[in-house]
Amino acid sequence: MCIPVPCELASVMADIYEFVVARSTSCRGLNSVEECDLARRIWKQLQAEKYHKRLLQQEVVSSPRCSICDSNLIHCNCCQVASCESDDCPGSSEPPLAQCGRHQKEVLCFPCLEEQGYKAEIEKCPGCKSWCCTRDMSSCSGYPIGIQLNPSSHGSKPLLPDLIVAYAQSARVHPPKRGSCMECELPGWRSCNSTLCWSQTICPECASGGVTCLCQEVWACDLCAEHVPGVFIRCPRCNRPFCCSCSYIDECQECHRTNLCYDCAEEESDMDNGLMVEFPKFVASCGSCQAKVCDRCVLSYPAFSCAGCSQRLCPSCRKSLCDDCKHGTSGDTDAYLNI
């Protein structure tokens, strides 16, 4: 008994028939992995044949190269439809495919792109208009709503695990929003100086506010500036924020006490002598990153020696040379340090 096939399914049924015929002439007795690989190769070959048919409207050609310009054919990773890889070839629009500029094997046809929607693996960068893998594009996860944190028992800042959980569980002002490719910077998009921030990059809608160091080189979102320790140092007198690498203020790497910023230090003669005693006196610094240690902590803070000259180094720089040796040594900049 013959069953009529709807017109909209005719092309699909024809594709299935061609695949079954081609597969029936191939080897048998394969395991599941080999079977999937063979089926994929057969389907790609059939799509290449269809590409040549569309262009030439004559005898079938199964070459993996374009009939017009002899460039390689590329295939949609999802449905395997074929097209020419050269943008200058008329065959590249039969049909048009989206190919990542950095990862040449990442290809999708437009129908598959539309079907995947927001979950599509390739997207056009709004900056340079080139196709890019979405995993390589910046994105904003949306500003957290209703963050409420209790200070820890050891200080004014909350515990970091509590902060991370609060970020993860909070509602957001908008769903994830994609930005640009790695080569572009969109106006208004920013990156927070905190490695624990709720988003790797932040869109203009969520980047309003925040805190900027007086050196104008470092910015952090207002949540991280308030809750994450080590993002900013604040002057104990004027309370202005400074980044940890800023030359306007110093902080002890062990006890985290800070001295006055340069502006306030110039006015220190106006301050009470008893209050001045509370500020740290820095007696040692790292020969590489210049991190300071105060007189109270210098004996207990771990110290390492530069392999070139035995100058003091902090734990973070223990596998480096001091600045003097870096500038005066040609070659052995990866030497390990003696403890």
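We did not get these values from a lab; they are worked out from the coordinates using the rules stated. Predicted model, so just to flag it, every value in this text is computed and none were measured. All Cβ positions, glycine included, derive from the backbone under ideal geometry; neighbour counts span all protein chains shown.
Cβ-Cβ contacts under 6 Å between residues 6 or more apart (or on different chains), taken from a first residue in the stretch 95-108 that is closer than 12 Å to residue 78 by Cα and in contact (Cβ under 8 Å) with a residue 12 or more places away in the chain to a second residue that is of a type in the set (Ser, Thr, Tyr) and buried (at least 16 other Cβ atoms within 10 Å of the Cβ), are listed as 97/83.
Each residue in the stretch 192-211 was checked for being under 30 Å from residue 250 (Cβ atoms) and without any contact (Cβ under 8 Å) to a residue 12 or more places away in the chain, and 1 pass. Any chance you could count how many residues in the stretch 297-322 are in contact with an Asp or Glu (Cβ under 8 Å, 6 or more places away or on another chain) and within 22 Å of residue 257 (Cα to Cα)? Selection size over the stretch 297-322: 3. Of the residues that make up the stretch 248-264, is at least one touching a residue at least 24 places away in the same chain (Cβ under 8 Å), β-branched (Val, Ile, Thr) and part of a loop (DSSP other than H, G, I, E, B)? Checked against the condition, which is being touching a residue at least 24 places away in the same chain (Cβ under 8 Å), β-branched (Val, Ile, Thr) and part of a loop (DSSP other than H, G, I, E, B), the stretch 248-264 yields no hits at all.
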